[in-house]
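To start, the structure itself, in structure tokens.
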Amino acid sequence: MTKPNDNRSQLTQAQLMDLIEYNPISGIFIWRKMRSGVKPGTIAKGVIAKGYCRIGLLNSKYHAHRLAWLYVYGFWPKDQIDHINGIRTDNRICNLRECSNIENGQNLKFHKKNTSGNTGICWDKNAMKWKVQISFNYKVMHIGLFYSLKKAKVAYLKAKEEIHKFEPSPPEIRVNK
């Protein structure tokens, strides 16, 4: 079985279109042919793995967002596909874009342990201030320490706009972009 992100798959756009129909506006896949007891016209829901929808085709499993890319553009993405709104099951073509690993990292939601509710901002107990950091090229850059959360947000947004050219607005601001 091929890995879900394996571009070396032999699956072509023509084969994909023969097996499944994709609606680029809704992001939904529909089976065209009978398979394993599933009738034509049935939604191809696939299996959710790490929040992504995967669909089994020709004895391999594929991420639905990569299938959407192949279906619409006729070629496999060179690297990664980013879900612009951060919702991994939203496979509408307008929500998908090609990117590198570094670019994809600019679109991450804040960590589950985040207490500030803002990406890149956390409380520094030793300094008793809000600490602002941003990552770029696998390195964490210290932006500064701030007494007020509001000033910390302003500093983070300014740094993000300057450093993250691919995705300059943080996820909490980008909801329903």
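A short reminder: the numbers here are calculations on the coordinates, not readings from a lab. If you're wondering where the values come from, they're calculated on a predicted model, not measured in any experiment. Virtual Cβ from ideal backbone geometry, glycine too; neighbours counted across all protein chains shown.
For ILE55, ILE87, the sequence from fewest to most other C-beta atoms within 10 Å is ILE87, ILE55. Based on C-alpha pairs under 8 angstrom that are at least 6 apart in sequence, the stretch 13-99 has a relative contact order of 26 percent.
The distance separating the Cα centre of the stretch 16-44 from that of the stretch 112-158 comes to 45 Å.
Pairs LYS125/LYS160; LYS129/LYS153; LYS50/LYS158; LYS131/LYS158; LYS78/LYS160; LYS131/LYS153: which exceed 20 Å Cα-Cα?
On the way: LYS125/LYS160 24 Å; LYS129/LYS153 13 Å; LYS50/LYS158 31 Å; LYS131/LYS158 15 Å; LYS78/LYS160 26 Å; LYS131/LYS153 10 Å.
The answer is LYS125/LYS160; LYS50/LYS158; LYS78/LYS160.
Report the calculated FRET efficiency for GLN13 and LYS78 (r = Cβ-Cβ distance, R0 = 22 Å), to the nearest 0.05.
On the way: r = 16 Å, r/R0 = 0.71.
The pair GLN13/LYS78 has a calculated efficiency of 0.90.
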